[in-house]
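Notes follow the structure.
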Amino acid sequence: MSEMASSTDILRQYWGYDSFRGIQEDIIGSILSGKDTLGLMPTGGGKSVCFQVPALMMDGLNIVVTPLIALMKDQVGKLKMLGIKAEAIYSGMMQYDVDRAYDNCLYGNYKFLYISPERLATEQFRMKLSQMKRICMITVDEAHCVSQWGYDFRPPYLRIAEVRDIIPYPVPILALTATATPMVVDDIQERLKFRERNVFSMSFERKNLAYVVRKTENKESEIVNILKSIKEGGAIVYTRSRKMTGEIAKLLISEGITADNYHAGLTDAEKDLRQINWTKGRNRVMVATNAFGMGIDKADVRVVIHFNLPDSLEAYFQEAGRAGRDGKKAYAVLLYNGSDDTKLHKRIQETYPEPDYIRSVYEDVCCFLQVGMGEAEGRTFDFSLEKFCVFFKHFPILADSALNILSNAGYIDYQAENDFKSRVQFILRKEELYLLDNGDRDMDNLVKTMLRNYTGLFADFAYIDEMFLSHHTGLSAERIYEMLKDLNNRRIIDYIPRRRTPTITFSMRRLETDRIVLTPMVYDTRKEEYAKRIEQMLRYASDESTCRSRMLLEYFGEKKAEDCGQCDVCLQRRKDRKLKENRQKMAEDIRNDILKMMKDGKEHNLSELNQLNYPTDLLNEVVRNMIDEEEVRLNATSISAR
């Protein structure tokens, strides 16, 4: 109890809450007792508290493994504001900044090191890890990524178990995820080498969230109608295409709805600015690919709309769960029509092309990069997928999938989204720089803005962001770029412009094509699992008889799920039940009126029944039943009592 009391004190001191929610306290107690722990918590369940509070109670550093760079930056920033020492190491950082972060963790009594899973395999990380005085715990965020049965398997996650072996003393591991089927739950614990099975699970039920499938042939029009009918709070519209994010955002703006778009192709500054504008309510709707949403801190999202069907219920559940995190009524709407079945089934072949095709892509990549047999182990090459596909006549989607499978198989490391940020270093000394007189106010403004906002520019290259400089100088990004090039040409600075270049690293020397083996866990089994997830997604979208919430909860292993009473299926069932009750009551009224008419013992013309003003189909049905029950007799043109 004393441990829990102190954890409550820490919660109150740093976060201002008097008590924990759900299973947070159980998870914290488990970690404090030294047990490996898996926590299953839905989006908005408060996962960060589960690893931040115990780390502050323990001696040493908490290593937090997460693939979400935006989440790292956000959480490290918030921890620092609370006076808690935290660092993050991720792709795109200067080596100087990486070294500084490691040194802080080694010598600065830091409590948290957020790190991307790809870093775990580097020699520098392993060397620094062996030098660290005390690791108190390892936290694995998005833990489903370690499971090959999961919808978002990432091979670097398998390195986490190796990290445990490097640390010469027992360190508990906390794995957290918002989406895991029973099979994935078991696999996570096996892959992370849990010493014993230990799972804490919150119900995934969201009582305030109504799941709706809307069948429509005009999805764009339906989005406008939904957003005009739900006028309060923020909204997210998910689509698979970067191009569609822009087109739908423009459509919404033309309809008087404030909107912006978001995808992985934007610069960091553009992403940050758009997310801030949306979070603060300056733009109501964010139209985005699945690059948007992880770690967002906006509680009043009233509706999440999916323009396209995701390829798994796990992905759908996680994205839909970003609505209603304030506990108030919210909606998750999936737009669906007949063509979605064909599109989703097509994704199976696009994601898992034939093995012979995959081998041919490997051969062509080696030729394209001019890699000889037995060469290139450990070498990294810039790689243009577009040029490659044009040269070898490959379809980009299939080639990209083949490269990802080869990466999962361990032959190459294919990074499709590498973003090499712009870099600047001043060549002139500071004294010489001040002697320059350009007579150009814009140029002076740019130079002073860089010197104010970036450190170490005279000693080494520093990453810069042209959009950030544009925002702070009031100049256009195009003008900033031209001035930086001019300064470079005049040898005042060295300027390396930003480039987005995919890379391929050969994990082993080039092999003969017939030696490329795709094991079942890399290809056949994963393709079967992917196809099953597609079918589950289509079943969810097309089923009109099962409660949406119940279907999702049962998929995630909750066998005692109840109907929610608020999804489109439940509402239609209630409406149908009411209609049935009304019809039964009307049928009884018809029978009573006919019996009243028959009381005189005379035959009545059938036309007199029409004067009762009841629906013809129901009137005919009641008459047939009365004949079957021998309550009335029907002649050619008349009806009478028996």
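The values are calculated or read from the model by the stated rules, or taken from the named source; none is laboratory data. Everything numeric here is computed off the predicted structure, so don't read it as measured data. Cβ: placed from backbone, ideal geometry, glycine included. Neighbour counts: every protein chain shown. Calculation scope for accessible area: heavy atoms of the full protein, side chains included, ligands and nucleic acids excluded. Shrake-Rupley method; radii C 1.70, N 1.55, O 1.52, S 1.80 Å.
Ranked by the mean number of other Cβ atoms within 10 Å of their residues, highest first, the peptides 621-631, 25-35 fall in the order 25-35, 621-631. THR216 sits among other residues whose Cβ lies under 13 Å from its own Cβ, and their net charge, with Lys and Arg +1 and Asp and Glu -1, is -2. Computed over protein heavy atoms with a 1.4 Å probe, the accessible surface of the chain works out to 49 Å² per residue. Each pair of Cα atoms in the stretch 4-66 enters the Kirkwood radius, and Stokes-Einstein at 20 °C and 1.002 mPa s then converts it into a translational diffusion coefficient of 178 µm²/s. At what distance in angstrom do the alpha carbon centres of the stretch 60-78 and the stretch 164-187 lie from each other? That distance is 17 Å.
For THR177, the solvent-accessible surface computed with a 1.4 Å probe is close to 0 Å², ligands and nucleic acids excluded. Across the stretch 575-580, computed HN-Hα scalar couplings (Karplus, 6.51 cos²θ - 1.76 cosθ + 1.60, θ = phi - 60°) run 5, 5, 5, 5, 4, 5 Hz from first to last residue, x flagging Gly and Pro. Between LEU335 and ARG214, HIS306, the built amide H atoms are under 5 Å apart, and every one of these is 5 or more places off in sequence or on another chain. The residue list GLY83, TYR107, PRO117 was ranked by how far each Cα lies along the charge dipole of the chain toward its positive end, using unit charges on Cβ atoms, and GLY83 comes out on top.
Normalised by 2.2 N^0.38 Å, where N is the number of residues, the C-alpha radius of gyration of the stretch 448-563 stands at 2.03. Here the 3J(HN,Hα) profile of the stretch 257-267, calculated from phi with Karplus coefficients 6.51, -1.76 and 1.60 at θ = phi - 60°, is 10, 5, 8, 9, 10, 8, 7, 5, x, 7, 6 Hz, Gly and Pro shown as x.
Approximating the spin labels as points 7 Å out from Cα along Cα→Cβ, the LYS430-to-GLU217 distance works out to 7.0 nm.
With +1 on each Lys and Arg Cβ and -1 on each Asp and Glu Cβ, and nothing else charged, work out how big the dipole of the chain is about its Cα centre, in Debye to the nearest 20. The calculated dipole for the chain is roughly 1140 debye. The distance separating the Cα centre of the stretch 388-435 from that of the stretch 469-524 comes to 4 Å. For the chain, the mean residue ellipticity at 222 nm estimated from helices alone is -14000 deg cm²/dmol, where every DSSP H run of n ≥ 4 contributes -39500 (n - 2.57) and the total is divided by all residues, rounded to the nearest 500. Sites listed here are GluC sites (Glu not before Pro) in the stretch 224-264 whose DSSP assignment is loop and whose Cβ has at most 15 other Cβ atoms within 10 Å: GLU232, GLU255. For ILE89, the residues 5 or more places off, or on other chains, whose built amide H falls under 5 Å of its own are TYR114, ILE115, SER116.
Mind putting together the pair-distance distribution for the stretch 242-337? All Cα pairs, 5 Å bins, whole percent per bin, short to long. The percentages, shortest bin first, are 2, 13, 22, 28, 22, 10, 2, 0.
To the nearest 10, the accessible area of LYS228 is 90 Å² with a 1.4 Å probe.
Extension gain, ARG574-PHE395: 0.36 nm per intervening residue step, less the Cα-Cα distance, totals 59.6 nm. Applying 1/(1 + (r/R0)^6) with R0 = 41 Å to the Cβ-Cβ distance of SER254 and ASN625 gives a FRET efficiency near 0.15. Remark: the stretch 484-493, residue by residue, has Karplus-estimated 3J(HN,Hα) of 5, 5, 5, 4, 5, 5, 8, 6, 8, 9 Hz, where x stands for each Gly or Pro and the curve is 6.51 cos²θ - 1.76 cosθ + 1.60 at θ = phi - 60°.
The fraction of accessible area contributed by carbon and sulfur in the chain is 48 percent, rounded to a whole number (1.4 Å probe; ligands and nucleic acids excluded). Distance distribution P(r), the chain, all Cα-Cα pairs, bin width 10 angstrom from 0: 3, 13, 20, 23, 18, 10, 5, 4, 3, 2, 1, 0 percent. Amide H to amide H, with H built 1.01 Å from N, ILE412 comes under 5 Å of SER407, SER507, counting only residues 5 or more places away or on other chains.
When you count the other C-beta atoms within 10 angstrom of each residue and take the mean per peptide, 207-213, 274-280, 384-390 line up highest first as 207-213, 274-280, 384-390.
Projected onto its three principal axes, the C-alpha set of the stretch 30-69 covers 28, 22, 15 Å, listed from the longest axis down.
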